[in-house]
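Trainee: Attaching a single structure in structure tokens format; questions to follow.
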């Protein structure tokens, strides 16, 4: 499976989110939520429209940071889904991808495609607008490297109609959920996450950059 932008914007593209709503709807709700969280601490939230191409949009997220996420890019796609990426040094955290579906009343997806590192993981998590047993996770499938040994888990939620359960029987835990199978599942949801042509299609060629400014908490900038 070919990495998005040939991996030039990793680790930003190692972990990405998608929300099944229009880009401006996602931008409005993300901005309001971040303002509610941060305004009492003297941090403001700034949003601006930025034009593509995708590589240039993601460059606006730099530099990467640890401890606190300072910037998000919301990118329209050739589908009902809007991509959400961040300047976190390991890709976007699950929190906004899990929370915003409740607020917007939509589905959300978070993926991790990082199988070539010691801390490698391949993850697909599908969220919904409703909470069941204190969680709005519909389905979670993951294979991850745990201290040198790979572990596979598909314990949360019922199998989705497009899953290939036979793959989960592979004796090699890493091979039970490879990036190619992640891509197959994403495409079944209407998301071509690793295809540059999926993003910023004609008529939807502006992304939204959301940035925290002001009295920021301590953090480090990470060279890439």
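Conditions tested, residue by residue: (1) without any contact (Cβ under 8 Å) to a residue 60 or more places away in the chain; (2) surrounded by fewer than 19 Cβ atoms within 10 Å (Cβ to Cβ); (3) closer than 15 Å to residue 143 by Cβ.
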residue	(1), (2), (3)
161	yes, yes, no
165	yes, yes, yes
169	yes, yes, yes
173	yes, yes, yes
179	no, no, yes
184	yes, yes, yes
190	no, yes, no
197	no, yes, no
200	no, no, no
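Trainee: Would you be able to tell me the number of residues in region 91-126 that are touching a helix residue (DSSP H, G or I) at 6+ places or on another chain (Cβ under 8 Å), within 18 Å of residue 25 (Cβ to Cβ) and not in a loop (DSSP other than H, G, I, E, B)?
Mentor: 7
Trainee: Would you be able to say whether some residue in region 38-46 is farther than 20 Å from residue 213 by Cα, modelled with pLDDT of 95 or more and not in a strand (DSSP E or B)?
Mentor: At the first step, the residues of region 38-46 found to be farther than 20 Å from residue 213 by Cα are none.
Within region 38-46, none of the residues are farther than 20 Å from residue 213 by Cα, modelled with pLDDT of 95 or more and not in a strand (DSSP E or B).
Trainee: Could you say which residue among 56, 27 is surrounded by fewer than 20 Cβ atoms within 10 Å (Cβ to Cβ) and either in a helix (DSSP H, G or I) or on the phi > 0 side of the Ramachandran plot (or both)?
Mentor: Matching residue, one of 56, 27: 56.
Trainee: Only residues that are assigned to a loop (DSSP other than H, G, I, E, B) and at pLDDT 95 or above: list them for region 127-159, please. Quick ask: steps written out before the conclusion?
Mentor: Just the residues of region 127-159 that are assigned to a loop (DSSP other than H, G, I, E, B), to begin with: 133-134, 147-148, 157-159.
Correct list: 159 only.
Trainee: Of (1) farther than 18 Å from residue 212 by Cα; (2) free of Cβ contacts under 8 Å to residues at least 24 places away in the same chain, residue 79 satisfies all except one. Which?
Mentor: It fails just one condition, (2).
The values are calculated or read from the model by the stated rules, or taken from the named source; none is laboratory data. Keep in mind it's a predicted model, so treat the numbers as computed, not measured. Positions of Cβ are generated from backbone atoms using ideal geometry, with glycine treated the same way; all protein chains shown enter the neighbour counts.
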